[in-house]
Number of protein chains: 2
Amino acid sequence: MKKYFLLLYCCLTVYILHAEDGYRLWLRYDKVDNSKLLQQYRNAISYIQFAHASPTLAAAKEEMIDGLQGLLDKKILVQNSTENGTVLVVTAADSIIYSLISRDDLDKIAIDGFVIETKKINQKNIIVIAGNTDIGALYGCFHFLRLLQTQQNIQQLSVVSAPTVQLRMLDHWDNLTRTVERGYTGMSIWNWQKLPDYIDKRYTDYARANASIGINAVALNNVNANATILTKDYLIKVAALANVFRPYGIKIFLSARFSAPIEIGGLKTADPLDAQVQQWWKKKADEIYQYIPDFGGFLVKANSEGQPGPQNYNRTHADGANMLADALALHNGIVIWRAFVYSNETNEDRFKQAYNEFKPLDGKFRNNVLVQVKNGPIDFQPREPFHPLFGGMPQTQVMMEFQLTQEYLGFATHLVYLAPLFKECLDADTYTKGKGSYISKVVDGSLENHPVSGMAAVANIGNDINWTGHPFAQANWYAFGRLAWNHNLTSAQIADEWIRKTFTNTQPFVNKVKEMMLVSRETIVDYMTPLGLHHIMGYSHHYGPAPWYNSAARADWNPTYFHKADSAGIGFDRTATGSNALSQYAPEMRKQFDDINTCNENYLLWFHHVPWNFKMKSGRSLWNELCYKYYAGVDSVRWMQSTWDNMKGIIDDERFKEVKMLLTIQEKEAVWWRNACILYFQTFSKMPVPKGLEQPDNSLEYYESLQFPYAPGIGGNQ
Amino acid sequence: MKKYFLLLYCCLTVYILHAEDGYRLWLRYDKVDNSKLLQQYRNAISYIQFAHASPTLAAAKEEMIDGLQGLLDKKILVQNSTENGTVLVVTAADSIIYSLISRDDLDKIAIDGFVIETKKINQKNIIVIAGNTDIGALYGCFHFLRLLQTQQNIQQLSVVSAPTVQLRMLDHWDNLTRTVERGYTGMSIWNWQKLPDYIDKRYTDYARANASIGINAVALNNVNANATILTKDYLIKVAALANVFRPYGIKIFLSARFSAPIEIGGLKTADPLDAQVQQWWKKKADEIYQYIPDFGGFLVKANSEGQPGPQNYNRTHADGANMLADALALHNGIVIWRAFVYSNETNEDRFKQAYNEFKPLDGKFRNNVLVQVKNGPIDFQPREPFHPLFGGMPQTQVMMEFQLTQEYLGFATHLVYLAPLFKECLDADTYTKGKGSYISKVVDGSLENHPVSGMAAVANIGNDINWTGHPFAQANWYAFGRLAWNHNLTSAQIADEWIRKTFTNTQPFVNKVKEMMLVSRETIVDYMTPLGLHHIMGYSHHYGPAPWYNSAARADWNPTYFHKADSAGIGFDRTATGSNALSQYAPEMRKQFDDINTCNENYLLWFHHVPWNFKMKSGRSLWNELCYKYYAGVDSVRWMQSTWDNMKGIIDDERFKEVKMLLTIQEKEAVWWRNACILYFQTFSKMPVPKGLEQPDNSLEYYESLQFPYAPGIGGNQ
């Protein structure tokens, strides 16, 4: 017995020493530490059985063996007969499914949902995991493992789950040189040099992680695209990745450079109405499908921030998108066309430009086109009102674009849980078809009965060992997948799951850390851009505060363009007396923001130029409220620090220390944001920082002098 | 008992699943799988005792606990008393050392060597690990662990070991943007963005790995240097790294940009004889030592490939180096001045230029200057004759510069064990003080009794999980450290150690894989640059063959400059009838190469322009011999492939597959090199590929058309 414990000790020692580097993400299958539940699980699970074989079910089998053996700390046998304690995995390809699962449930789960049910057949207690397809069954297996990882009771399982959105997608802004635009976690995980012959284990683990949360599509390369990815040499490399991803139900998309016919095709034009251009793309599509039979399609950033597009030839975005859509249609490919456009040459409020550009094109896109719209009208700020194109293009399949990489939210050093940001947008009511016209229903296609729907997020993944740099940034990848699958989940539910899978089921830890996560987004809004401030970060690299910056080549890249602070007040008047951007929303929505006195204060400076003395709901002046918000943000980070310090010893030291160090950086940078912004805006308000608050310990000149020539995430666009 | 095995199974399963990603390098402490030896070890080792405490001994203690508990699979207690089975670690700070270790041995081990001895004191059987310093003791601990890792008998230990070279150094060519010049394994491990507050676990593991092989100095940044590293913001970050490295005995050096006084100092000049410039560097040195009290010094690339230097002001390299040396002297800092210089403006053979430049400066450098010379006269080719500056500057402390990153040896995809390359150079006889004037003796200072000696290697480390990309590239890091410690070790000894520590002690595996490693360097010479060919790789990125390339901005960057193939023959005449580079060597050395008929054929085309029909020692014509060599190289890779395939099952599947995939790439690229070079040189020789050899399956035009715009390892110099 002593020997037994000694062995246990040593194995676990070695194990702990090498395993808590974050590489495993939420796919951790360590032994269940609740002995009662462990007994329940062990009693219920001894065998797995697959009703048929396929590459996807082989992946499911491997995951189930690893997962169950790890969690249950016992040998799991693969059987061809059904015994007591069998987990039986079936699909519509197995006739037995109809004796196990109701037609009704099978209808509900559609293409890639799943059912998990506790059953008794031939006196044997078994658990059935069923999908209409192999992928559905795979998703069911991952969900079953999640139940054990989160220590759920599995005695009477009856789970029916199907995704609300069809295309659940990650967009990588990865360049061919392996730099990542807005990437803060090392290099791109795509090692083009070693592909196609070297298949990094990471590719499989990436596919596993995505499949475990239902992500079924990825765009591999930067939307600021390089046409070279469409050449044969690279398509062969892409195909090798597609082969890895296929069993996990993940389709590959490529960002297509609109001028590719010129750059790699030798044509003189990329005019979408030119027959040769159309022919070139058709041939290119045919070639791609030769290498990648299940190729997803193209993601396109056109006529935006210097990218070429149809407007170079006086054609519309619809002309461009449709031309590509036609090239892909034969192969059931899809074009995802980004609506992130704004021009330097117009004086129009940048907020309004995408809507102005795309609204008139509503109804003009092919069936296999999705128009991808960022959640807000500017650019992934800590808080934005929703983009007016949601609900604004009823005849168009509008896809959501979120950003996981924290370009404007502290890079990979700030703990910010983004689910509340995503939910805030998804749960917003556009009112475009009356009350209840939620963005979630626009995006999942149900509001207008669109056949194709999608939700994308710009990935926060790099080749850091733990994938996302900050251990908590993994939660954002996770939350995005879960919400794309089911936007009715709450931020708290998802955080709860993630914490249990990633760290521990220990209740005080789960509770406290969940609290930290749930408060973290409001915290960063407070210390960066409270009360509706936006786009006041450092130029180009976007690192740290620079509300004073006013030297960008384009006016609409300058913080001063957005905050408009002056002696009278601060904020962007987007009511009828100003840019009237509010007119792009439905009247019910508009009404919530139109009146400075009733406007939700979270969005106040998005829509109003507000006097410094304006009386806020708290009774404070705007200036004082602004100060209190900035200080509250810093205080909240400090609360997160002390909360985390109390977690010492509950989890492994490695990740504990990592997060502790990162919170130290976050606190420093929160103070930096607070001080720099307060000092700068004070030059307009001429009012003091309220008494009782710690006074900034550096001068405005100091903050203005800071330079970050090698801030990460810029990269070339190659 | 059944439960016991089940538990064992599960623990090991989990363990193996997550641990064989190569991150642990050779510091793997898995349970000894030889039961007899395990018993011996367990009997001999139960406790560790440290005679005093210090940060370095704390690091030693942690390593010993982890290592011994892992290897012996038993609990190791730290004690303050000496029991049977104690490993006692002592230094000259502990008076007891003199009763345990002879004065003679303590003299032998000097500053950082160690003694390991089996002893009996007070009837207790113990093992003593002794150093004069804490660092010496730490090295002794690592060596002791190595004995167990490699399954040595430890019953009567009597080891006395001291390094032959003082400065055992890694040079990182890492930029502040985290790109790595000539890096093929991801990004720089230095995360400047997160420093100084975030201390990546990698920094400690890097220090451990280096200390385990005796490396005691690192230059953090690219020799194509950015002055920003010398600013306060970055020095604070560097200091944080220095704090991590200090307990492990590792000093930090920085590559200093010679024009820093202009770029960050606001001066108008960087003239080394200018008083203001001298003052600026003195102040800068004082500042650096405030942050990093044990700062090593500067590494400088000056007036080389576009870098600024003293010649910009008509001063000599000695003027530049001495000015910096004076600034550092007060703090005992060192200047490492690179001799890798060659000019575009002269018609002189590039081979000769560094010698011509530096030879006249012999004796003119300060005592705290080392002149760092690459092993060969051109640039880290698969095979070069040794650099004539070795032995050519007897009054100068000449330091060796090897390259671990495989810039010219297949990047991180080819299996090439470099110890034979290093040894070939170190064991070469310069004859400059008569027979036996080996380069090893030049470098370790013994030939001329120099007080300071050093050996550096350009690191092959990046943020790939396994550090070096190719699992076998770890062996080169390891071998360099071991040879810097003791250049008398053989390539086979080091390979043997490394295989046992990194993979397994299973004898057939050790034997076969060692055989692969030992043949691998000759193999790459054969398929890339046989018979003395050199510098015929792709332009700029150096990926793949391009002997035809002739369009570089500088003549001496063109392959055609180096191979000089024409209808008469091939090779660079460096005898008296040609550039007479041979005149830079001692007469005995020269004699070995001067005569085309007796010249060592490994170097033939380095020194002679040889007719295609020239009869080689094999009896074949030069052309046929060239062909046979190229084909033999490919055959050898294929032999490596089949040898490796036979290793399946002996080691973990993860690394087995990784190496297998990499060998597939290596084979393809070996064929590419062979075919491209043969086809190209055939346009001059007009002779057929000998019968019986597989004919190239692509045309020369095909090979010439290949483009690699995104080949890795170029990066900016920021």
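The values are calculated or read from the model by the stated rules, or taken from the named source; none is laboratory data. Predicted model only: the values in this text are computed from it and were never measured. Because the Cβ atoms are built from the backbone with ideal geometry, glycine has one as well, and the counts that use them run over all protein chains shown. Remember, those area values only see protein heavy atoms, side chains included, never the ligands or the DNA or RNA. Shrake-Rupley method; radii C 1.70, N 1.55, O 1.52, S 1.80 Å.
Can you tell me which of (1) facing chain B (nearest Cβ under 10 Å); (2) open to solvent by 30 Å² or more (accessible area, probe 1.4 Å); (3) touching a Phe, Trp or Tyr at 6+ places or on another chain (Cβ under 6 Å) is the one A:Glu181 doesn't meet?
Failing condition for A:Glu181: (1).
Does the stretch A:695-716 include one or more residues that are open to solvent by less than 50 Å² (accessible area, probe 1.4 Å), more than 20 Å from A:Tyr408 (Cβ to Cβ) and within 14 Å of chain B (Cβ to nearest Cβ)?
yes
Are any residues in the stretch B:217-239 within 25 Å of the chain's Cα centre (by Cα) and within 11 Å of chain A (Cβ to nearest Cβ), and if so, which ones?
B:Asn226, B:Ile229, listed by residue number.
Which count do you get for residues in the stretch A:67-89 that are within 14 Å of chain B (Cβ to nearest Cβ) and buried (at least 16 other Cβ atoms within 10 Å of the Cβ)?
Number satisfying all stated conditions: 9.
Keeping to the stretch B:137-186, report how many residues are under 16 Å from the mean Cα position of the chain (by Cα) and farther than 29 Å from B:Val300 by Cα.
Residues that pass the stated criteria total 0.
Each row is one residue, and each column tells you yes or no for (1) within 16 Å of the chain's Cα centre (by Cα); (2) among the hydrophobic types (A, V, I, L, M, F, W, C); (3) not in a loop (DSSP other than H, G, I, E, B).
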{"site": "B:Leu409", "(1), (2), (3)": "yes, yes, no"}
{"site": "B:Thr413", "(1), (2), (3)": "no, no, no"}
{"site": "B:Tyr417", "(1), (2), (3)": "yes, no, no"}
{"site": "B:Glu424", "(1), (2), (3)": "yes, no, yes"}
{"site": "B:Gly445", "(1), (2), (3)": "no, no, no"}
{"site": "B:Glu448", "(1), (2), (3)": "no, no, no"}
{"site": "B:Gly462", "(1), (2), (3)": "yes, no, no"}
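Which residues, counting only those in the stretch B:587-604, are more than 15 Å from B:Pro377 (Cβ to Cβ) and out of contact with any helix residue (DSSP H, G or I) (no Cβ under 7 Å at 6 or more places or on another chain)?
B:Pro587, B:Glu588, B:Lys591, B:Gln592, B:Asp595, B:Ile596, B:Asn597, B:Thr598
Does A:Asn486 fit the bill of being polar (S, T, N, Q), open to solvent by 10 Å² or more (accessible area, probe 1.4 Å) and within 19 Å of A:Arg168 (Cα to Cα)?
Yes; evaluated as a whole, the condition is true for this residue.
Just the residues that are over 33 Å from the mean Cα position of the chain (by Cα) and either open to solvent by less than 30 Å² (accessible area, probe 1.4 Å) or of a type in the set (Val, Ile, Thr) (or both), please, taken from the stretch A:680-694. Write out each step before concluding.
First, pick out the residues of the stretch A:680-694 that are over 33 Å from the mean Cα position of the chain (by Cα): A:682-694.
Of everything in the stretch A:680-694, those that are over 33 Å from the mean Cα position of the chain (by Cα) and either open to solvent by less than 30 Å² (accessible area, probe 1.4 Å) or of a type in the set (Val, Ile, Thr) (or both) turn out to be A:Thr683, A:Ser685, A:Val689, A:Pro690.
Taking A:Ile199 and the conditions (1) free of Cβ contacts under 8 Å to residues at least 24 places away in the same chain; (2) part of a loop (DSSP other than H, G, I, E, B); (3) not hydroxyl-bearing (Ser, Thr, Tyr), which numbered condition does it fall short on, given that it satisfies the others?
Just one mismatch for A:Ile199, condition (1).
Can you name the condition, by its number, that A:Arg246 falls short on among (1) open to solvent by less than 10 Å² (accessible area, probe 1.4 Å); (2) within 30 Å of A:Asp205 (Cβ to Cβ); (3) not acidic (Asp, Glu)?
(1)
Has the stretch A:90-107 got at least one residue that is open to solvent by 50 Å² or more (accessible area, probe 1.4 Å), more than 30 Å from A:Phe245 (Cβ to Cβ) and of a type in the set (Lys, Arg)?
Within the stretch A:90-107, one or more residues are open to solvent by 50 Å² or more (accessible area, probe 1.4 Å), more than 30 Å from A:Phe245 (Cβ to Cβ) and of a type in the set (Lys, Arg).
Consider B:Leu147 against the criteria (1) in a helix (DSSP H, G or I); (2) within 30 Å of B:Asn243 (Cβ to Cβ); (3) open to solvent by less than 50 Å² (accessible area, probe 1.4 Å); (4) not basic (Lys, Arg): it satisfies all of them except one. Which criterion is unmet?
So B:Leu147 meets the others, but not (2).
Looking only at residues that are open to solvent by less than 40 Å² (accessible area, probe 1.4 Å) and of a type in the set (S, T, N, Q) in the stretch B:620-673, which one is farthest from the chain's Cα centre (by Cα)?
Within the stretch B:620-673, the match that is farthest from the chain's Cα centre (by Cα) is B:Ser621.
Looking at the stretch B:19-42, which of the residues that are buried (at least 18 other Cβ atoms within 10 Å of the Cβ) and within 8 Å of chain A (Cβ to nearest Cβ) is modelled with the lowest pLDDT? Break it down stepwise before answering.
Here is the first cut: in the stretch B:19-42, the ones buried (at least 18 other Cβ atoms within 10 Å of the Cβ) are B:19-29, B:32, B:38, B:41.
Retained after the next criterion (residues that are within 8 Å of chain A (Cβ to nearest Cβ)): B:19, B:21, B:23-24, B:29.
Values: B:Ala19: 66, B:Asp21: 95, B:Tyr23: 97, B:Arg24: 97, B:Tyr29: 97.
Only one residue fits best here, namely B:Ala19.
Evaluate the following for B:Ile189: is it open to solvent by less than 10 Å² (accessible area, probe 1.4 Å), farther than 27 Å from A:Asp653 by Cα and either part of a strand (DSSP E or B) or in contact (Cβ under 8 Å) with a residue 12 or more places away in the chain (or both)?
Taking the combined requirement at face value, the residue does not satisfy it.
Quick one: in the stretch A:43-53, which of the residues that are open to solvent by less than 60 Å² (accessible area, probe 1.4 Å) and in a loop (DSSP other than H, G, I, E, B) is nearest to the other protein chains (Cβ to nearest Cβ)?
The extreme case among them is A:Ser46.
Can you name every residue in the stretch A:654-669 that is touching a Phe, Trp or Tyr at 6+ places or on another chain (Cβ under 7 Å) and closer than 10 Å to A:Arg638 by Cα? It would help to see each step written out before you state the result.
Of all residues in the stretch A:654-669, those touching a Phe, Trp or Tyr at 6+ places or on another chain (Cβ under 7 Å) come to A:659-663, A:665.
Hit for the stretch A:654-669 is A:Leu663, nothing else.
Any chance you could count how many residues in the stretch A:225-243 are of a type outside the set (Val, Ile, Thr), open to solvent by 20 Å² or more (accessible area, probe 1.4 Å) and under 20 Å from A:Val300 (Cβ atoms)?
2
Would you mention how many residues in the stretch B:329-366 are open to solvent by 20 Å² or more (accessible area, probe 1.4 Å), touching a helix residue (DSSP H, G or I) at 6+ places or on another chain (Cβ under 6 Å) and of a type outside the set (Ser, Thr, Tyr)?
Of the residues in that region, 5 qualify.
Kindly indicate whether A:Phe593 is touching a residue at least 40 places away in the same chain (Cβ under 8 Å), farther than 23 Å from A:Phe411 by Cα, in a loop (DSSP other than H, G, I, E, B) and open to solvent by less than 40 Å² (accessible area, probe 1.4 Å).
no
Among the numbered conditions (1) out of contact with any Cys (no Cβ under 7 Å at 6 or more places or on another chain); (2) open to solvent by less than 10 Å² (accessible area, probe 1.4 Å), tell me where B:Ile439 comes up short.
(1)
Taking the stretch B:504-519 as the region of interest, how many residues are surrounded by fewer than 23 Cβ atoms within 10 Å (Cβ to Cβ) and either of a type in the set (Gly, Ala, Ser) or under 28 Å from B:Gly70 (Cα atoms) (or both)?
Within the stretch B:504-519, residues that are surrounded by fewer than 23 Cβ atoms within 10 Å (Cβ to Cβ) and either of a type in the set (Gly, Ala, Ser) or under 28 Å from B:Gly70 (Cα atoms) (or both) number 10.
State yes or no: is B:Gly392 more than 30 Å from A:Asp197 (Cα to Cα), open to solvent by less than 30 Å² (accessible area, probe 1.4 Å) and at pLDDT 95 or above?
yes
Among the residues in the stretch B:463-471, are any acidic (Asp, Glu) and within 14 Å of another protein chain (Cβ to nearest Cβ)?
Yes.
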